[in-house]
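No value in this document is a laboratory result; all are computed from the given coordinates. Quantities reported herein were computed from a predicted structural model and do not represent experimental measurements. As a convention, Cβ positions derive from the backbone with ideal geometry for all residues, glycine included, and neighbour counts pool all protein chains shown.
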Amino acid sequence: MFQVVFNKISAAEMAALPKELQLDLLMDFQVLPQDLEQLSGEQFGRVRRDGRQLFRCRAKDYRIYFSPHPQGIEVHRVLHKNTIRDFLFRSNLPMAEEDEALGANGGFWDLIHEGQSQR
């Protein structure tokens, strides 16, 4: 059975949002594990570093970072877009290369590892 699995941090990030917004984000987050190699366009992107890959889905004003999971998809983080944009602006990273810049930044991966340690 296909599941969308939230770690403790991403579940808490979702739970902090109003219920209607949660439903809107989940409606925008339409992806199956077999679709991951074919994701394209403005809505989806990839973040790579040290041989690891995460996917990004733009949903409303949020970014959902996820990866394949044996049971389906694992959501690592649900972040408001301004959080990432503020980070990129403060770091003087080019906005057009958002996904590459995130992948190159150790702080982003620390957020991901923090979520994985909370399983």
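Each label point was placed 7 Å from the Cα along the Cα-to-Cβ direction; for residue 20 and residue 2 their separation is 2.8 nm. Using the 10 angstrom Cβ neighbour count as an exposure proxy, how do 113, 76 rank, fewest first? Least to most surrounded, the residues fall as 113, 76. The calculated FRET efficiency for residue 36 paired with residue 11, based on their beta-carbon distance and R0 = 30 Å, is about 0.90.
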